[in-house]
């Protein structure tokens, strides 16, 4: 069986615009959640989110092309560029055997919302011709493929908050089945809009701690009152080994699942969540969390679960609440759970 290894990583989220600064901030327990600036949240019950800051999309694509793509694509291109540079891909490889596996839970919601307003106020003739191709989830893979010249399989996973994890698994299977030698995985999301926040708020899924955004996202804490929306992207370069050598109830269910798998809480490894630092990045979460897991294994450090103050009797594992913890990590696991019963798990092992 063909073995698959990770050779490059890229990440952007609300605490850092590159993988090293973001990982450092996560381990330090920094929080990127604050009052929303991407739209005016005054009339909303939820006014907080984890926004990417000081990012210029013209740094990853020609300025004239920026308006042709939604913000989630901009963020995905940033993470993909960093991952490709990290993998140090040479010019002598077969690009016909290099594919892309993209992921997003929602895709171009900002573009959808913007053009819906244009339709209602100015009529159909004023809708942008770039609207549809700039908002489709699979176009993330298209833009990434064009940027890096890949000509292999181009896949897209749209499975809610498990999309990023599923995209890693699909890319891995593609290489294992000899459909490609290399795959660039990119999971991106940017859904912090009036409709996005309003929709999740209507479901009572979001935290309403508007007066205390830094302590609003509280994974595993008994007083958690919902998740906080985030945005960002995570990217991984996967290669065939030989070629390379060349929400509230989810916390409880995740805890119960690990106990059922491993027999008891004493057998369970340390478990951490970075949602307190960056919010929940929906379809991008699996990609960002996978990059974080791999960097944790690389550096021998487990990021902390912040804002854990009150224990929940249903969440009684070791959640690394005292701050970042040094540890020798040879195997790491990332779990993703999405609306509609779509779930994904990815396990990485050091070689």
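None of the figures in this text is laboratory data; all of them are computed from the coordinates on show. Source: prediction; values computed, not measured. Here the Cβ positions follow ideal geometry from the backbone for every residue, glycine too, while neighbour counts run over all protein chains shown.
For residue 64 and residue 28, compute 0.36 nm times the residue count separating them, minus their Cα-Cα distance, and round to one decimal in nm.
Residue separation times 0.36 nm, minus the Cα-Cα distance, leaves 9.2 nm.
Can you give the calculated 222 nm mean residue ellipticity of the chain, where each DSSP H run of n ≥ 4 adds -39,500 (n - 2.57) and the sum is split over every residue, rounded to the nearest 500 deg cm²/dmol?
Value at 222 nm, helices only, nearest 500: -10000 deg cm²/dmol.
Taking the Cα atoms of the chain, report the difference between the largest and smallest coordinate on each principal axis, in whole Å and largest first.
56, 55, 33
Using only the Cα atoms of segment 99-176, build the gyration tensor, take square roots of its eigenvalues as a ≥ b ≥ c, and label the shape rounded, prolate or oblate: rounded if a/c is under 1.5, else prolate if a/b is larger than b/c, else oblate. Don't jump to the answer; show the numbers that get you there.
On the way: a/c = 4.78, a/b = 2.03, b/c = 2.35.
Note, shape of segment 99-176 comes out oblate.
If we sort 15-21, 138-144 on the protection proxy, mean other Cβ atoms within 10 Å, highest first, what's the order?
138-144, 15-21
Of the peptides 267-275, 316-324, 166-174, 186-194, how do they stack up when ordered by the mean number of other Cβ atoms within 10 Å, highest first?
Listed from highest to lowest mean packing, they are 186-194, 166-174, 267-275, 316-324.
Could you compute the FRET efficiency for residue 3 and residue 299, with r as their C-beta to C-beta distance and R0 at 35 Å, rounded to 0.05?
0.90
Report the gain in length on full extension from residue 132 to residue 203: 0.36 nm times residue separation, minus Cα-Cα distance, nm rounded to one decimal.
Once the chain is fully extended between residue 132 and residue 203, it gains 22.8 nm.
Just grab the label-to-label distance for residue 214 and residue 39, each label 7 Å out from Cα along the Cβ direction, in nm (one decimal).
So the two model labels end up 2.8 nm from each other.
Hey, how many Å between the Cα centroid of segment 200-262 and the Cα centroid of segment 124-175?
The two parts, judged by their Cα centres, are 22 Å apart.
Work out the FRET efficiency for residue 120 and residue 151 from their Cβ-Cβ distance, taking R0 = 30 Å, and round it to the nearest 0.05.
0.15
Indicate the gyration tensor shape class of segment 69-143 (rounded, prolate or oblate), computed on the Cα atoms with a ≥ b ≥ c the square roots of the eigenvalues: a/c under 1.5 is rounded; otherwise a/b larger than b/c is prolate and the rest oblate.
prolate
What distance in nm lies between label points placed 7 Å from Cα along the C-beta direction at residue 322 and residue 225?
The answer from the label model is 3.1 nm.
Run the simple label-point estimate for residue 56 and residue 178 please: 7 Å along Cα→C-beta, distance reported in nm.
So the two model labels end up 4.8 nm from each other.
Determine the relative contact order of segment 114-165: mean sequence separation of Cα pairs under 8 Å and six or more apart, normalised by residue count, in whole percent.
Values: 21 pairs, mean separation 11.5, N = 52.
So the answer I get is 22 percent.
Let a ≥ b ≥ c be the square roots of the eigenvalues of the Cα gyration tensor of segment 230-351; is it rounded (a/c under 1.5), or, if not, prolate (a/b larger than b/c) or oblate?
prolate
Report relative contact order for segment 10-114 in percent, whole number only (criteria: Cα-Cα under 8 Å, sequence separation at least 6).
Computed over segment 10-114, the figure is 27 percent.
Of all beta bridges DSSP finds with both residues in the chain, what is the antiparallel percent, to the nearest 5?
70
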